[in-house]
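Peer 1: Here it is: the structure, laid out below.
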Amino acid sequence: MTLTSHSKTTTIEIRLPQERKTILEKAAILEGLSLSEYLLKIATDIAEKSLLRTESITLSEKDWEIVTSAINDPPELNSALKAAINRYKKENS
């Protein structure tokens, strides 16, 4: 599947020793990509993994059971929460 994008592109310039460039070029060829495509792919993959690590929550099995239990069988609303809901409705209606 080919995705076309109409967004503007930009340029990133890097300096590196020739031996590292050669390694990257060889890897790109093995992947069937241009050097630019390969660098974009690996940089994006690493960035997404980094963001996922910092933007996600990992729960233990016990904590997951607590969360799903609260979703599936929520507790009764206490008076403070009911009052907060009513205040929110008045302020946003």
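Peer 1: Please go through the stretch 8-21 and pick out each residue that is in a helix (DSSP H, G or I) and closer than 16 Å to ILE42 by Cα. Working first, answer last.
Peer 2: Keep residues of the stretch 8-21 that are in a helix (DSSP H, G or I), which gives 18-21.
The answer is ARG20, LYS21.
Peer 1: (1) modelled with pLDDT of 95 or more; (2) among the acidic types (Asp, Glu); (3) under 21 Å from the mean Cα position of the chain (by Cα): which one isn't true of GLU48, the others all being true?
Peer 2: Going through (1) modelled with pLDDT of 95 or more; (2) among the acidic types (Asp, Glu); (3) under 21 Å from the mean Cα position of the chain (by Cα) one by one, GLU48 breaks only (1).
Peer 1: Looking for whichever is in a loop (DSSP other than H, G, I, E, B), surrounded by 10 or more Cβ atoms within 10 Å (Cβ to Cβ) and in contact with a helix residue (DSSP H, G or I) (Cβ under 9 Å, 6 or more places away or on another chain) here; the options are LEU77, LEU24, LEU39. Which one fits? Give the steps one after another, and end with the answer.
Peer 2: On the way: LEU24 fails: in a loop (DSSP other than H, G, I, E, B); LEU39 fails: in a loop (DSSP other than H, G, I, E, B).
On inspection, the qualifying residue turns out to be LEU77.
The values are calculated or read from the model by the stated rules, or taken from the named source; none is laboratory data. Everything numeric in this text was worked out from a predicted model, so none of it was measured. Here Cβ is always computed from backbone atoms with ideal geometry, including for glycine, and neighbour counts include all displayed protein chains.
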